[in-house]
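Written out below as structure tokens is the structure these notes cover.
Only the coordinates and a few stated rules stand behind these numbers; no lab work does. Keep in mind that what you see is a predicted model, and the values were worked out from it rather than measured. Note that each Cβ is placed from the backbone with ideal geometry, even for glycine, and that neighbours are counted across all protein chains shown.
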Amino acid sequence: MKLLTDISEMLQKGKINDVKALTQQAIDQGLEASVILDSLLDGMGNIGMKFKNNEVFVPEVLIAARAMNGGLQLLAPLLEAEGVEPVGKVVIGTVKGDLHDIGKNLVKMMMVGAGFEVIDLGVDVSPEKFVTAIEENNADIVAMSALLTTTMTNMKAVIEAIEEKGLRDRVKIMIGGAPVTESFAKEIGADRYTPDAASAATTAKELMM
Ligand code: B1M
């Protein structure tokens, strides 16, 4: 469908106003939020490939990411619409040293949609900040995202800080992000690894049962 390919193309060009206008158009036409989301993800996937092949560089990726977040903001109310009674509290953030927040934002939206109250600590979050937020909010789940092989190891530091504070039995630990795997989750003592935002929300619900 042309509208959807246009969204993907405008995102790759970093045209935030066009991405927002086209996303709104798609919403107004009654297209499903998940279908519109796929076109945004397609654009970001292409940018990722071009970045890897040195066809585009950090500034282009940054403006594409800004355009992606612009589209996501419009989709958020639709993705979150299902939420009813809070089923639990989640503290979420991207780990220390890591500035990637698009995947984390998606996980947050899906979890809000699944009925969770989500406390978003943002990016570059230190272990101490995670621990303080878990304590202050009496969180049921802590959800960590990492996109770099160099920062995923900081997830272990968060788990150690949680253990040192004696909070490990009180909180479930979920991790995810492109370089993260099931075996890494086992290695560092996380409760769950999930590969995408939708499965993160489903798994969070299972953990509350
Ligand atoms: Co960065 N970057 N980046 N980047 N960037 C990657 C990750 C990279 C794979 C690109 C590449 O080389 N092919 C590479 C990492 C290599 C590695 O470590 N193996 C890389 C690099 C090297 C870097 C820099 C070091 C570049 C530099 O400066 N030379 C630098 C580091 C900055 C830092 O963090 N300290 C950097 C910077 C940036 C920008 C700032 C320009 C920008 C981020 C902007 C932003 O997020 N606001 C950026 C971007 C956009 C990317 C790519 C192109 C796209 C990432 C993305 O948003 N994808 C990325 C290449 C790629 O992934 N193809 C790349 C879309 C998003 C929806 O997917 O976040 O994977 P993702 O989330 C998925 C799942 O992973 C999962 O759910 C989502 C799907 O539903 N998920 C979870 C995520 N978190 C989860 C948590 C969960 C469960 C699931 O539970 C808690």
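Can you tell me the convex hull volume per residue for the chain, based on C-alpha atoms, in Å³ to the nearest whole number? Don't skip to the end; give the middle numbers.
On the way: hull volume 24.0 nm³, N = 209.
Given the Cα convex hull of the chain, per-residue volume reads 115 Å³.
For a distance above 14 Å, tell me the whole-number percent of Cα pairs in the range 59-100 that qualify.
69
If each of T149 and K50 carries a label point 7 Å out from its Cα toward its Cβ, how far apart are those two points in nm?
2.5
Let me know the charge dipole size of the chain about its Cα centre in debye, to the nearest 20, where only the beta-carbon of Lys, Arg (+1) and Asp, Glu (-1) is charged.
Approximately 340 debye in magnitude.
Which Rg and Dmax, in Å, describe the Cα atoms of the range 30-113?
Using the Cα atoms of the range 30-113, the pair Rg, Dmax is 14.5, 47 Å.
Using 0.36 nm per residue of separation minus the Cα-Cα distance, give me the extension gain between S34 and R66 in nm, one decimal.
In short, 9.6 nm is gained.
Would you mind checking which residues have amide H under 5 Å from I119's amide H? H placed 1.01 Å from N; only 5 or more apart, or other chain.
Placed amide hydrogens put V90, V91, I92 under 5 Å from I119.
Taking every pair of alpha-carbon atoms in the range 89-207, what share in percent sits in each 5 Å bin, from 0 to the bin with the longest distance?
In order of increasing distance, the bins hold 2, 13, 27, 28, 22, 8, 0 percent.
Efficiency by 1/(1 + (r/R0)^6): what FRET value for A178 and Q25, r their Cβ-Cβ distance, R0 = 35 Å, to the nearest 0.05?
Working: r = 30 Å, r/R0 = 0.86.
It comes out at approximately 0.70.
Taking 7 Å along the Cα-to-C-beta vector as the label spot, tell me the N137-E160 distance in nanometres, rounded to one decimal.
Between N137 and E160, the label points sit 2.5 nm apart.
Mind checking the dipole of the range 89-207: about its Cα centre, +1 per Lys or Arg Cβ, -1 per Asp or Glu Cβ, Debye to the nearest 20?
That gives the range 89-207 a dipole magnitude of about 140 debye.
Work out the length of the dipole vector of the range 2-82 about its Cα centre, built from +1 on the beta-carbon of each Lys and Arg and -1 on the beta-carbon of each Asp and Glu, and round it to the nearest 20 debye. It would help to have the intermediate numbers written out before the result.
Values: 7 positive and 11 negative charges, 73 e Å.
About 340 debye.
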